[in-house]
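Report on one structure; see the data block that follows.
The values are calculated or read from the model by the stated rules, or taken from the named source; none is laboratory data. Every value quoted in this text rests on a predicted model; they were computed, and no experiment measured them. As a convention, Cβ positions derive from the backbone with ideal geometry for all residues, glycine included, and neighbour counts pool all protein chains shown. Just the protein is used for accessible areas: all its heavy atoms, side chains included, with ligands, DNA and RNA removed. Shrake-Rupley method; radii C 1.70, N 1.55, O 1.52, S 1.80 Å.
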Amino acid sequence: MLASPAVRAAPSTLDLLLLPLHRLVWADPHRRARKLLRFAETEADGGRDLARAAELTFDPALRRLYLRHAQDEQRHADLFRRRGRELLSQPGSASKFEANWLAPGERGLDDLRVEKQSDETLLAFLHLSEKAAAGRFVIYRRVLQADPDTRGVFARVLEDEAFHMTYTGKQLARLSPRKHGLRLWQARAGRLWKTYLRLASAVASVFGTVMLGLQYFLLLPAFALVAKRAARREPPGLAPSRPPTPLQSQY
Amino acid sequence: MGGHASQTGSVGRLRILGISAHYHDSAAALLIDGVPVCAVQEERLSRRKNDAAFPLAAIEWCLDFAGVQPEQLDAVVFYEKPMLKFERILTLALRGFPRSWPAFPQAMKNALGGKLWVKGIIASELGVRGDRILFAEHHRSHAAAAFLGAPSRNAAILTADGVGEWATLSMGRGSIAADGTASIELFRELRFPHSLGMLYSTFTAYLGFPVNEGEYKVMGLASYGQPSFAEQVRRIVRRTADGGFALDLDYFEFHEGARRSFSKKFVEVFGAPREPWDPLDPQSAEGARFADVAASVQLVLEEVLVDLARSLQRETGLDDLCFGGGVALNGCANARILRESGFRNLYVPSAPGDAGCALGAALYADRLHFRRPHRPVPDHPYWGPALEATDLARIALEDGLELEQIPREPDLIACAVDHLCAGRIVGWMQGRTEMGPRALGNRSILAAPHEAAMRDALNRSIKYREEFRPFAPAVPIEQADRFFQLPSGGARLGRFMSGVFPVHREWRSRLAAVTHVDGTARVQTVEASMAPRFHALLEAYGARTGIPVLLNTSFNLAGEPIVNRAVEGYSTFRRSGIDVLIAGETVVRKRRHDLARLEEAIA
């Protein structure tokens with residue numbers, strides 16, 4: 001049940017279109033378990049970030065709310081972890097495929113640098129993260145018809161998400177009465193930029209891996225032979241310590 | 001450093017900054033005229049547990065604290081030799097060809113993407129000249145932290161960790177001549193991949209605990225098991241004729257940089273590994289197997305270390321052993337070394353791991369590079385930021401909590417004792433933050449040590465951790481023998497909580513919250529000269545209850561670093577089952593129902 005009339009959790013159009021895929025991903029109990037355990041980690045990380053935000057803010061109301069939010073996240077982590085473990089204790093095994101890109105949980109909070117955010121930008125970021133996460137949790141709840149216990153976990157988490165969306169929205173409006181809309185757009189742009197950076201660095205990483213992999217197989221074999229031969233000649237056990245080199249040297 | 005005046009031993013102020021970074025637990029330490037002024041782990045400031053990033057915040061804090069500008073530094077010493085380390089990484093990739101291919105790109109990206117260019121990073125971040133940037137070898141940094149920080153003028157030195165550049169274990173000796181000239185001579189070493197640290201970490205991973213963090217859990221779990229796999233462990237840790245050992249690499253994969261540190265053959269011997277999220281109950285059949293495996297690797301680790309220490313004692317004929325490196329955090333092994341190796345004293349610094357290398361590297365440069373005469377290093381762990389509790393009162397009042405300011409120390413201590421005697425859990429923050437992984441009375445959670453229920457409550461509502469993990473007791477050093485079976489030198493080893501010793505049988509039931517399942521405890525022996533307020537608290541608690549022992553655990557929640565500032569203590573206090581926060585002279589108590597009402601009203 002969503003407690004707050006102010007903000008409702010609604011899945012995105014994309015997630016609604018991908019509903020059959022979500023259903024498929026969540027069908028396997030062991031995969032479901034691993035996903036819940038991953039969510040538990042994300043929630044716990046998010047809780048730590050919120051605690052940090054509480055430590056840094058000078059606004060007493062925000063501090064209290066961030067602390068409450070941090071405790072909620074910790075409780076969610078416990079709920080996800082407990083249910084994940086219950087599912088894992090059931091017989092069977094899952095495929096390695098987890099489709100985390102499709103069901104990322106409350107992603108975003110984990111790479112947040114709280115120290116670099118003002119209260120306003122943080123609230124805008126939190127508001128969007130909570131909204132996105134809540135939307136996805138609605139979808140997950142919907143595809144888990146056959147698993148009332150896991151569905152129950154999402155229902156309980158969603159109650160808190162509604163509160164989180166409401167308070168972040170209200171507090172943002174309080175701190176930035178004229179510009180809160182702008183702050184939200186800025187946060188959306190920030191999320192898009194981060195997504196682009198993640199994608200770009202993933203592409204760069206793949207490219208780097210391919211280039212280094214090629215070098216590994218093209219350049220290293222001859223040196224590898226020499227290194228293996230040298231290793232065979234090394235006596236086992238203790239060796240005389242390497243004589244100290246000047247501190248200016250990096251060798 | 002050719003033309004630098006201070007290299008010749010002139011009398012000017014010499015300011016040396018030590019840095020450890022990039023693997024785990026980065027830190028900075030500042031030495032002025034040979035004496036440490038301050039040191040702090042990056043995680044305490046960044047609030048990211050085991051933060052391995054370049055410790056800019058720690059450096060900035062150290063320089064601010066001492067009022068030193070970067071350009072005034074005579075030297076910045078990094079705790080290892082990056083090129084030598086890169087040589088090892090490359091050599092291992094070559095030796096493991098072609099099986100090392102999955103790890104090779106990532107290893108190269110890590111090294112070439114930053115770790116190799118430490119000199120440039122330091123020069124650009126701090127604006128110091130390149131000729132002032134120095135590099136001490138990893139195990140020499142450990143050796144310096146262990147020996148030059150210890151109250152000994154002639155000592156054998158043993159260092160052991162996962163790996164530095166090539167060395168994983170070093171043996172040697174250190175001495176301070178009458179004129180103060182220091183020397184550190186390392187005779188022998190074991191080289192990667194033959195490593196006690198990696199052996200223990202492999203078992204840590206096998207048992208489903210996070211590496212570099214879960215090693216304590218293996219030690220705690222070991223007490224529940226029997227070393228029934230000891231023979232199997234001994235087979236994979238083959239002893240060599242020279243007293244060293246060689247790992248049978250068929251059982252490991254860490255040296256090839258694989259995602260998993262143990263091989264299929266390892267699993268064939270020890271059984272299926274534990275998944276990190278699986279519950280671990282040592283009473284169940286599966287849990288008992290894991291406990292037996294933990295007990296076995298612990299036993300073999302102790303055997304190897306005791307043998308190495310014994311041979312070192314015979315060779316040097318010295319009374320003192322200084323032990324550094326991450327393996328020196330193993331309190332059970334330390335206690336056995338002290339009992340069985342022939343050394344009379346065992347000195348383990350408060351931060352024997354990589355964080356302590358920041359201080360070790362700086363000391364090494366001062367004594368051995370600049371050849372400055374040795375000066376005793378103050379024998380305490382409190383090198384970090386001091387507590388400033390002024391904000392705490394404001395915050396607590398804003399949140400409508402019960403608040404008291406108690407400026408008189410006896411009254412403050414009486415108040416703390418009242419709460420502890422009433423069974424409340426107290427967050428205790430005083431003075432400067434400890435350097436190292438243990439809270440030693442300045443950033444501690446304290447509780448009455450008598451009931452096992454207290455241990456369970458702490459595990460459940462504060463530390464959120466496995467029930468098999470023990471809590472440590474703190475006791476005034478003068479009374480330690482009354483409760484704990486300390487061997488000669490044991491009280492010293494307990495100074496930084498570095499040894500695990502038996503609790504006297506008659507006290508075990510009355511110290512149930514701090515007595516582990518095997519009847520032992522990781523004791524902190526508190527000396528008034530080192531921690532006067534904490535010592536006075538223990539004495540006052542003893543005067544009230546007849547038992548001057550308190551449960552002392554680090555002031556943090558699972559996954560978080562130990563608190564540093566008062567506001568971090570407050571946040572931890574608010575999010576956990578801690579009942580009372582005492583920071584400096586400020587005492588804050590919770591009124592849960594009021595808080596809940598307030599939050600709902602705001603929302």
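A few comments on the model shown:
- Only a single criterion out of (1) under 20 Å from B:Phe496 (Cα atoms); (2) within 12 Å of chain A (Cβ to nearest Cβ); (3) aliphatic (A, V, I, L, M) is not satisfied by B:Ala146, namely (2).
- A search for C-beta distances below 7 Å between a residue of region B:344-360 that is farther than 10 Å from B:Ala145 by Cβ and among the aliphatic types (A, V, I, L, M) and any residue that is open to solvent by 10 Å² or more (accessible area, probe 1.4 Å) and not in a helix (DSSP H, G or I), counting only pairs 6+ apart in sequence or on different chains, returns B:Leu346/B:Gly489.
- Taken together, the residues in region B:44-70 that are under 19 Å from B:Lys115 (Cα atoms) and not in a loop (DSSP other than H, G, I, E, B) amount to 4.
- Residue count for region B:394-439, restricted to those that are polar (S, T, N, Q) and open to solvent by less than 10 Å² (accessible area, probe 1.4 Å): 1.
- Considering region B:83-141, and only residues there that are open to solvent by 40 Å² or more (accessible area, probe 1.4 Å) and outside any helix (DSSP H, G or I), the residue that is farthest from the other protein chains (Cβ to nearest Cβ) turns out to be B:Gly127.
- Number of positions in region B:158-190 that are surrounded by fewer than 21 Cβ atoms within 10 Å (Cβ to Cβ), within 14 Å of chain A (Cβ to nearest Cβ) and of a type outside the set (Phe, Trp, Tyr): 2
- Candidate set from region B:448-485 (those that are among the polar types (S, T, N, Q) and out of contact with any His (no Cβ under 9 Å at 6 or more places or on another chain)); member that is least open to solvent (accessible area, probe 1.4 Å): B:Asn459
- Neighbours by Cβ (under 7 Å, 6+ apart or cross-chain): first from region A:203-225, more than 17 Å from B:Glu87 (Cα to Cα); second open to solvent by 60 Å² or more (accessible area, probe 1.4 Å) and hydrophobic (A, V, I, L, M, F, W, C): A:Gly213/B:Trp101
- Whichever residue in region B:225-244 is touching a helix residue (DSSP H, G or I) at 6+ places or on another chain (Cβ under 6 Å) and either open to solvent by less than 20 Å² (accessible area, probe 1.4 Å) or modelled with pLDDT under 95 (or both) and, among such residues, is farthest from B:Gln313 (Cα to Cα): B:Gly225
- Given (1) in a helix (DSSP H, G or I); (2) under 21 Å from A:Asp147 (Cα atoms); (3) open to solvent by 10 Å² or more (accessible area, probe 1.4 Å), index of the condition A:Pro11 fails: (1)
- Yes/no for A:Lys228 being more than 14 Å from chain B (Cβ to nearest Cβ), assigned to a helix (DSSP H, G or I), closer than 25 Å to B:Asn110 by Cβ and in contact with a helix residue (DSSP H, G or I) (Cβ under 8 Å, 6 or more places away or on another chain): no
- Test for B:Phe573: is it of a type in the set (Phe, Trp, Tyr) and more than 17 Å from A:Gln71 (Cβ to Cβ): no
- Filtered residue count, region B:181-207, keeping only those that are out of contact with any helix residue (DSSP H, G or I) (no Cβ under 8 Å at 6 or more places or on another chain) and among the small types (Gly, Ala, Ser): 2
- Flag if A:Lys194 is within 19 Å of the chain's Cα centre (by Cα), more than 10 Å from chain B (Cβ to nearest Cβ) and either over 30 Å from A:Gly84 (Cβ atoms) or modelled with pLDDT under 90 (or both): yes
- Residue that is farthest from B:Gln298 (Cα to Cα) [pool: residues in region B:321-335 that are over 14 Å from the mean Cα position of the chain (by Cα) and in a helix (DSSP H, G or I)]: B:Ala335
- Within region B:575-586, the set of residues being at pLDDT 95 or above and either assigned to a strand (DSSP E or B) or facing chain A (nearest Cβ under 9 Å) (or both) comprises B:Val580, B:Leu581, B:Ile582, B:Ala583, B:Thr586.
- Any hit, region A:166-187, residues being touching a Ser or Thr at 6+ places or on another chain (Cβ under 6 Å) and either at the interface with chain B (Cβ under 7 Å from one of its Cβ atoms) or of a type in the set (Ser, Thr, Tyr) (or both): yes
- From the options B:Pro378, B:Pro385, B:Pro349, residue that is in a loop (DSSP other than H, G, I, E, B) and surrounded by fewer than 24 Cβ atoms within 10 Å (Cβ to Cβ): B:Pro378
- Considering only residues in region B:234-279 that are within 14 Å of chain A (Cβ to nearest Cβ) and among the aromatic types (Phe, Trp, Tyr), the one that is nearest to B:Lys217 (Cα to Cα) turns out to be B:Trp277.
- Selection of region A:18-65 for residues being in a loop (DSSP other than H, G, I, E, B) and among the acidic types (Asp, Glu) yields A:Asp28, A:Asp59.
- Check on B:Ala150, part of a strand (DSSP E or B), open to solvent by less than 20 Å² (accessible area, probe 1.4 Å) and not acidic (Asp, Glu): no
- Scanning region B:511-524 turns up at least one residue that is hydrophobic (A, V, I, L, M, F, W, C), crowded, with 18+ Cβ neighbours inside 10 Å, outside the structural domain of B:Leu338 (by TED's automatic domain parsing) and under 27 Å from B:Pro151 (Cα atoms).
- Selection count, region B:97-142, where residues are of a type in the set (A, V, I, L, M) and within 26 Å of B:Glu185 (Cβ to Cβ): 3
- Candidates A:Leu219, A:Leu214, A:Leu247, filtered to the one that is among the hydrophobic types (A, V, I, L, M, F, W, C) and at the interface with another protein chain (Cβ under 7 Å from one of its Cβ atoms): A:Leu247
- Region B:530-568, residues that are open to solvent by less than 20 Å² (accessible area, probe 1.4 Å) and either assigned to a strand (DSSP E or B) or among the polar types (S, T, N, Q) (or both): B:Leu550, B:Leu551, B:Asn552, B:Thr553, B:Asn556, B:Asn564
- Within region B:191-212, restricting attention to residues that are open to solvent by 20 Å² or more (accessible area, probe 1.4 Å) and within 13 Å of chain A (Cβ to nearest Cβ), the residue that is farthest from B:Val300 (Cα to Cα) is B:Pro210.
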